[in-house]
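The values are calculated or read from the model by the stated rules, or taken from the named source; none is laboratory data. Being a predicted model, the structure only gives us computed values, none of them experimental. Counting neighbours? That spans all protein chains shown, and the Cβs are built from the backbone with ideal geometry, glycine included. Heavy atoms of the whole protein, side chains included, go into the accessibility calculation; ligands, DNA and RNA do not. Shrake-Rupley method; radii C 1.70, N 1.55, O 1.52, S 1.80 Å.
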Amino acid sequence: MLSNLSPPPGSKKNKKRVGRGTGSTGKTSGRGHKGQNSRTGGGVSLWFEGGQTPLKMRTPKRGFTSRNKLVFDLVQVRDLIKFSEGDTVTPQELINAGLASGKKPIKILGNGEVPFALTIRADAFSKGAVQKIEEKGGKADTI
């Protein structure tokens, strides 16, 4: 049954062989005479708009990005469970524990619960983090 299947008549066509003599689209091979598109590698990029100002440049630019913006490594208080009770947690210990990269200043955020009393030294703290740390009897020191 499968061996008897064949494509319907007229659905298969041979590829057009250009540049093989004047009888079969030879000479200019359907590219016309001269011009950018007649050359090998010719043509323009898809986003080229014929020399008019491109869309990317016509659209309005909004907003401002400050070069001086301070970006922090963020550490949640729930991640401090890696340390034991009464420890003094410094930025170097946070880096060693894999909680911070060490390339940016460290900020402690108040997501989760503080497991026990800790003394934490970091570059910045959120208000919620300071509150949760001090509720457990710990201390939040800003460097």
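A compact table of results
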quantity: Per-region count, segment 95-114, residues closer than 13 Å to LYS82 by Cβ and either in a strand (DSSP E or B) or open to solvent by 40 Å² or more (accessible area, probe 1.4 Å) (or both); calculated: 3
quantity: Single unsatisfied condition, PRO7 versus (1) loosely packed, with under 10 Cβ neighbours inside 10 Å; (2) not in a loop (DSSP other than H, G, I, E, B); calculated: (2)
quantity: Some residue of segment 117-137 being in a loop (DSSP other than H, G, I, E, B), open to solvent by 40 Å² or more (accessible area, probe 1.4 Å) and either in contact (Cβ under 8 Å) with a residue 60 or more places away in the chain or polar (S, T, N, Q) (or both); calculated: no
quantity: Qualifying positions in segment 61-87 - open to solvent by less than 70 Å² (accessible area, probe 1.4 Å) and not in a loop (DSSP other than H, G, I, E, B); calculated: ASP73, VAL75, GLN76, VAL77, ASP79, LEU80
